[in-house]
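These notes are about the structure you will find just below.
The values are calculated or read from the model by the stated rules, or taken from the named source; none is laboratory data. Since the model is a prediction, treat every value here as computed from it, not as a measurement. Virtual Cβ from ideal backbone geometry, glycine too; neighbours counted across all protein chains shown. Ligands, DNA and RNA are stripped out before the accessible areas are found, and what is left, the full protein with its side chains, is counted by its heavy atoms. Shrake-Rupley method; radii C 1.70, N 1.55, O 1.52, S 1.80 Å.
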Amino acid sequence: MDSIHYELGRHRAEKFRRGSLALRLLGTCAVLILALQLGACSGEPGSSGGSGGSGATVPPAVVPDIGCTPNWPRRDSPRAQTSEELKYVDLIVACVNDSTGSVSLTNKSDMVWAFYSDSAVNVSQEAAELKVKEFHALASAGMYAYTFMAPSETISVDSPPASFEWVIHPDLSLAWMTNDFVLKQVGKKTPSALRSALTSGSAVRQAVWDCTKAVYDLALQVPRVLSPQYDPAELIKQGLGIATSSGKCGSSWAAAEKEAAAVAAPLPSFVQMGEEARNALKGSGELAEKSGSLLKGVVALEKSVCKASTRC
């Protein structure tokens, strides 16, 4: 098990800040409320054969619920604060260890969830794909220094659920969908190009980072999340620079093309990548659907957003 420990950010709105360690949170709050009641479990004492034998109680083996593991065997359902939140919160698989009070969470949604607590809470990464680990590295290098859970990731929190909160983070979610899309473009021609994108020190990796962060930074400049200016699809288009073929993303991509060609791991050109992005932002395209889902979530969860953000 690859265990990585994180520091939780403070959850109170007045403590959210932009700085070298943490960028301002834009999120929709969904307080994790898990019932920690252990159901009664009983078994008949066994008895040994023969005269004078004595019975012995054997504890029943713990059979994990579907989606859970022996370390966190009991499945529980996170409860949303509002009915509008339910379709988002319901995509988090929560499993509890009633003996320790710890909880395991697996993110089955397309959103990134950030975690907050007023006290020290130990969070460990239990399972994650390589691209998830790379996204954590990118975030900690200049986007967001505190704990979050990316799509497909499993984490464990070694603390009672009532001691922390978890929230959808729109800006990280936007960065995730951008990063995922760019990585797909990198891997279209050769597998070695994708490996290079996940390898420290390569120009291809730097291009993926620069393009992802450009979208994230642009989103932070929108003064109000709950406004027409906060348009995820438009932010992706502008952040990638596909309309003008300029900006940090474009220049980094040009450098990556040269490096990739030199090692026989060609990348799609920036023009090709831009065309793919434009198509993905149309109609039922991948980025159009994900951008629309994110925007609808932010609008539907306005009350929660405004509890955590000063940008309402």
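Some values worked out for this structure:
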| quantity | calculated |
| --- | --- |
| Residues that are open to solvent by less than 10 Å² (accessible area, probe 1.4 Å) and under 23 Å from Tyr216 (Cβ atoms), drawn from the stretch 251-267 | Trp253, Ala256 |
| Members of the stretch 91-108 found to be open to solvent by 10 Å² or more (accessible area, probe 1.4 Å) and under 15 Å from the mean Cα position of the chain (by Cα), listed by number | Leu91, Val93, Ser104, Thr106, Lys108 |
| Failed item in (1) touching a Leu at 6+ places or on another chain (Cβ under 9 Å); (2) over 24 Å from Ser77 (Cβ atoms); (3) open to solvent by 10 Å² or more (accessible area, probe 1.4 Å), with Ala141 passing the rest | (1) |
| Flag if Asp210 is among the charged types (D, E, K, R), under 25 Å from the mean Cα position of the chain (by Cα) and closer than 19 Å to Ala141 by Cα | yes |
| Qualifying residue in the stretch 279-300 (condition: open to solvent by 20 Å² or more (accessible area, probe 1.4 Å), modelled with pLDDT of 90 or more and closer than 22 Å to Ala203 by Cβ) | no |
| Any chance Pro228 is assigned to a loop (DSSP other than H, G, I, E, B), under 25 Å from the mean Cα position of the chain (by Cα), at pLDDT below 95 and over 20 Å from Gly285 (Cβ atoms) | yes |
| Filter pass, Pro223 being closer than 21 Å to Ala207 by Cα, open to solvent by 50 Å² or more (accessible area, probe 1.4 Å), in a loop (DSSP other than H, G, I, E, B) and at pLDDT 85 or above | no |
| Condition check for Phe135: among the hydrophobic types (A, V, I, L, M, F, W, C), modelled with pLDDT of 90 or more and closer than 29 Å to Leu295 by Cβ | yes |
| Total residues in the stretch 78-98, condition in a loop (DSSP other than H, G, I, E, B) and either free of Cβ contacts under 8 Å to residues at least 40 places away in the same chain or under 19 Å from His169 (Cα atoms) (or both) | 8 |
| Condition check for Glu153: surrounded by fewer than 20 Cβ atoms within 10 Å (Cβ to Cβ) and either at positive phi or at pLDDT 90 or above (or both) | no |
| Residues (among the acidic types (Asp, Glu) and out of contact with any Ser or Thr (no Cβ under 9 Å at 6 or more places or on another chain)) located in the stretch 85-105 | Asp98 |
| Of residues in the stretch 159-180 being surrounded by 23 or more Cβ atoms within 10 Å (Cβ to Cβ) and of a type in the set (Phe, Trp, Tyr), the one nearest to Gln238 (Cα to Cα) | Trp176 |
| Hey, Ala261 closer than 26 Å to Thr190 by Cβ, among the aliphatic types (A, V, I, L, M), in a helix (DSSP H, G or I) and in contact (Cβ under 8 Å) with a residue 24 or more places away in the chain or not | no |
